Amino acid sequence: MGRPSRRVRTLLMTLGVLAVLAMAFVMFAGFWTDWLWYRSVAYSSVFTTTLWTKIGLFVVFGLLMAASVGLNIWLAHRLRPPLSAMSLEQQSLDRYRMGIAPYKKWALLGITALVGLIAGASASSQWRTWLMWVNGVPFGQKDPQFGMDVAFYSFDLPWYRFLLGFGFAAVVLSLIAAVLTHYLYGGLRVTSPGARATAAATGHLSVLLGIFVALKAVAYWLDRYGLAVKSSDFKAAGNWTGLRYVDANAYLPAKTILFCIAVICALLFFATLWRRTWQLPMIGFGLMVLSAILIGGLYPAIVQKFQVQPNEQAKEAPYIKKNIDATREAYGIDAAKAENYGGKGDPKRKAQQREQAATAASYRLVDSNIVSPAFQQLQQERKYYQFPATLDVDRYTGPDGKPQDTVIGLRELNIKGIPKRNWINDHFTYTHGFGAIAAKGTNTITDEDQGTVGAPDFIESGLPTKGQLGTYEQRVYYGEKTEQYSIVGGPQKELDYEKNGEVTTSFKGKSGVDLSGAFNRAAYAVAFSEPQILYSGAIGDGSRILYNRTPKERVEAVAPWLTIDGDAYPAVVDGRIKWIVDAYTTTNGYPYASRTTLGDTTADSLTDSQRAVVAQQNQVNYIRNSVKATVDAYDGTVDLYQWDTKDPVLKTWMKAFPDTVKPKGEIEPDLLAHLRYPQDMFKVQRELLTRYHVTDPEQFYTGSDAWQVPNDPTQKDGSAVPPYYLSLKMPGEQEQKFSLTTTFTPSGRPNLGAFMAVDADANSKDYGSIRLLRVTSTVQGPSQVQSELNSVPEVATFVRDLRGTDSEIDYGNLLTVPLDGGFLYVEPVYARGGAANYPLLKKVAVSYGGKPVFKDSLDEALNAVFGVDGAEPPPTTQPPAEPGDTTPQPPATGSAALKQAIADAQKAYEAGQEALKKNDWTAYGKAQADLQAALDRAAAAQSQAAPGAPSRKPGG
């Protein structure tokens with residue numbers, strides 16, 4: 001009987017050891033695969049620096065917390081009174097002391113280990129704060145209140161606050177542990193008569209309370225500086241950061257007084273070591289609490305009520321000025337000054353305006369946000385390829401040797417389209433996309449002999465591709481849509497293409513992690529929860545696993561201290577496809593600069609999960625596009641280039657992670673030609689400029705000149721209009737510049753308030769310079785222009801004809817171009833459906849000076865709107881009535897009646913659609929009746945009735 005039991009015990013022990021080893025290997029696998037990945041991309045220093053920093057913080061602060069709590073438990077136990085002196089209350093606790101006695105050491109170790117682990121884990125998450133503090137570089141700018149360098153607030157103050165918070169936690173936990181220990185061993189009594197605490201317990205706890213109050217004194221002192229980065233709600237500025245009048249004249253002196261009181265109170269607590277009484281410390285503590293209420297709370301409220309509010313504008317003006325200056329500097333908009341611009345062109349200069357319109361811009365009629373289905377239908381070639389929903393805009397040299405705006409997208413792998421789905425096909429056979437497809441941005445096919453009229457005019461197409469981009473490596477192993485892992489380079493061959501058709505290939509790049517060894521295969525089998533990786537015969541010598549394959553994911557991994565722009569875009573550079581990723585350094589510790597929320601500020605009608613900004617911290621008040629990153633689409637190589645050579649935040653991170661960011665001078669000319677001003681940076685700046693274009697404190701306070709970013713007129717969900725890349729001439733310029741543009745409307749109004757453009761060409765000496773054109777007259781805004789374009793009779797006719805072919809209309813980007821003192825609006829109009837189920841450019845809508853036209857081509861539309869070549873511009877439509885305007889309007893007649901009827905039909909149709917969304921059938925019935933009435937009026941005004949305004953689909 002004995003022998004089998006020993007065997008069972010041996011077996012159980014063996015199984016237990018194996019289970020422990022298995023769990024340890026599972027935990028180790030994630031760490032090991034991360035290390036292998038960082039080593040494969042040649043950024044192992046990022047992994048080791050981050051790892052050792054986390055380990056160091058974990059050990060140091062874990063030990064400090066454990067030592068603090070453990071020392072105080074040990075000290076309380078050592079200072080316990082003798083058992084003979086214990087009261088009846090304490091004697092009743094004998095059974096607890098007796099129960100703990102055999103395990104005192106283990107209990108002490110267990111408690112200290114637990115608090116140490118929790119504290120260490122919390123401290124390790126502060127690795128960014130530590131690295132910024134220890135490597136901080138001065139900004140060379142001082143805050144206007146305390147004269148401290150901005151680096152103190154961005155790098156030092158966050159670390160000091162962490163240390164203070166850790167100190168409070170250590171003291172509070174030590175105090176709780178000491179109180180419980182003293183009570184358990186008789187040093188404290190609750191119900192017994194006589195002294196409630198022994199002299200030893202009194203001294204011990206007084207010291208701990210003194211340390212707590214001393215830390216509170218330090219907190220009051222740091223709070224003084226914290227006022228410079230404090231956020232508050234200020235009705236004149238919204239989300240305000242920095243000191244206001246009440247902060248400088250009430251809170252600041254209050255914090256100083258409270259600091260002094262706290263120091264005195266702490267000394268009184270320490271004095272109990274000699275006086276052995278709580279009387280004076282408790283009086284001091286009570287005085288500190290009362291002072292905090294009166295001086296720190298009531299006094300500032302009185303100052304705000306009786307000094308500030310009666311004359312708030314004058315009192316706050318100096319502080320508003322500090323906030324304006326700091327905010328403009330922190331967001332890089334300090335050089336942006338609004339120029340007055342009439343907004344209405346001279347109607348006597350039509351011929352000159354038509355001539356200028358020909359060269360005012362490269363009108364991008366191919367909308368990158370709409371034509372992806374056309375790329376998909378015409379260039380997909382195979383079901384297992386795909387293009388992104390929103391394509392990218394870049395510049396390539398045309399046959400004339402000049403840069404031309406180009407719409408480009410990569411033909412990436414779509415594993416959902418694989419004919420037969422299985423593990424081998426998904427991860428071994430179908431491993432990469434193929435080729436870059438590009439089309440001219442300024443025009444589409446117009447000759448039936450060259451293809452479908454209205455389709456994109458491709459300059460690079462086919463499988464494999466050929467065209468103007470020259471010879472380059474076309475295989476796309478890394479892309480925005482490539483989220484699955486692939487195993488390449490081994491016995492299993494991959495599907496590929498050459499000019500003769502399908503062939504097989506094997507990955508020749510150096511990226512990926514080697515899977516030849518059994519240990520690595522086992523680690524990845526565990527990490528990816530895929531056991532076939534361990535035993536599959538398709539894996540052998542030379543096999544490598546590729547993962548973390550999206551450009552933003554790779555850049556974020558190798559530079560976890562950067563915030564990544566939402567739009568990575570491809571470019572053919574020196575025979576390779578390179579993904580270009582803009583990256584930002586940010587902080588929320590810039591004194592006086594107002595904060596913004598990146599997720600909200602960068603959202604527009606095109607934002608989705610793929611194009612959202614990847615933010616390390618969502619709330620920021622300083623941002624710089626400090627790094628340009630590239631990811632090779634074939635081998636996944638990541639390169640980081642310093643772009644902003646003056647940014648102190650980047651310099652700090654470059655000290656923390658040396659040799660990870662290459663100097664700006666190493667950017668090759670071919671790559672430089674494709675770098676551009678980033679969209680998310682621009683969207684943050686335009687949002688701040690809605691208020692901070694005003695530099696006069698009094699005007700800023702009143703908000704009389706505040707702007708807003710208009711809603712996208714082609715959407716109905718109220719999302720912001722996206723900015724558009726466009727080559728154009730700004731007023732006073734002789735040559736077109738590749739620019740990023742947007743419009744503003746006055747706050748609460750639909751008319752145009754301003755136009756903003758930034759020089760987006762990285763080769764330009766004026767790169768990054770922002771120009772603001774403040775419109776000084778009443779000019780139609782984007783939504784008003786869109787509404788008037790919808791009311792043009794030709795639109796109704798066009799839509800009527802489309803309905804016969806079961807097609808729908810898509811409005812493209814509404815481009816705004818300054819022209820001869822006015823604004824020229826250009827909008828491509830697409831038809832989708834019928835024989836070609838993808839958008840085709842059919843019409844071009846143009847408006848200038850409130851005169852909309854709708855023609856077959858851009859030239860025809862420009863001729864019509866300026867009344868040249870025999871074309872007369874249509875009569876100006878009645879401008880929309882101002883809210884509250886009840887002035888009777890004369891009844892419309894003739895063509896005006898037709899236009900009014902069509903406009904009413906459009907409104908009725910939209911009201912009906914809105915009612916359908918809400919299931920409001922009463923409102924829907926009324927809208928249908930209004931629609932029928934408008935159609936009847938239109939029929940009466942024109943023999944060939946137009947059936948209402950077009951339905952619209954989103955298309956930014």
All lysines inside 20 Å of K899 as judged from Cα atoms, apart from same-chain residues fewer than 8 positions distant: K843, K851, K855, K907
Pairwise Lys count, region 305-418 - Cα closer than 19 Å, eight or more residues apart or different chains: 4
Sort C265, C260 so that the residue with the fewest other Cβ atoms within 10 Å of its own Cβ comes first and the one with the most comes last. C260, C265
Cα extents of region 412-467 along the three principal axes, largest first, in whole Å? 46, 18, 17
Quick one: E666, E860, fewest Cβ neighbours within 10 Å first, how do they rank? E666, E860
Full-stretch length increase - M27, L280 - with 0.36 nm per residue and alpha-carbon distance subtracted: 85.6 nm
Can you give the FRET efficiency for V868 and T446, using 1/(1 + (r/R0)^6), R0 = 30 Å, r = Cβ-Cβ distance, to the nearest 0.05? 0.90
Pairs of Lys in region 550-676 closer than 19 Å at Cα, counting only those 8 or more apart or on different chains: 17
So what's region 199-330 giving for Cα Rg divided by 2.2 N^0.38 Å, two decimals? 1.34
Long-range tail of P(r) for the chain (Cα pairs > 53 Å, %): 34
For region 370-476, what ratio Rg/Rh do Cα atoms give with a Kirkwood hydrodynamic radius? 1.01
Just going by the charge dipole of region 550-676, with Lys and Arg at +1 and Asp and Glu at -1 on Cβ, which of V661, P591, S605 is farthest out on the positive end? P591
Tell me the mean residue ellipticity at 222 nm calculated for the chain from its helices only (DSSP H runs of n ≥ 4, each -39500 (n - 2.57), averaged over every residue, nearest 500). -13000 deg cm²/dmol
Degrees between helix 252-275 axis and first principal axis of the chain (Cα, 0 to 90, nearest 10): 20
Percent antiparallel among DSSP beta bridges confined to the chain, rounded to 5, stands at 95
Please compute the modelled spin-label separation between D801 and D717, points set 7 Å along Cα→Cβ, answer in nm with one decimal. 3.3
Please report V366, V620 as a ranked list, fewest other C-beta atoms within 10 angstrom at the top and most at the bottom. V620, V366
Distance in nm between label sites at D541 and N425, each 7 Å beyond Cα in the beta-carbon direction? 3.1
Taking the mean number of other Cβ atoms within 10 Å as a proxy for protection, how do you rank 569-582, 213-226 from highest to lowest? 569-582, 213-226
Sorted peptide list for 319-330, 349-360, 125-136, 433-444, criterion being average Cβ within 10 angstrom, highest first: 433-444, 319-330, 125-136, 349-360
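Bear in mind these aren't lab numbers, they're just calculated from the coordinates by the rules spelled out. Remember, predicted model here, so these are calculated numbers, not experimental data. In this analysis, Cβ positions are derived from the backbone assuming ideal geometry, glycine residues included, and neighbour counts consider all displayed protein chains.
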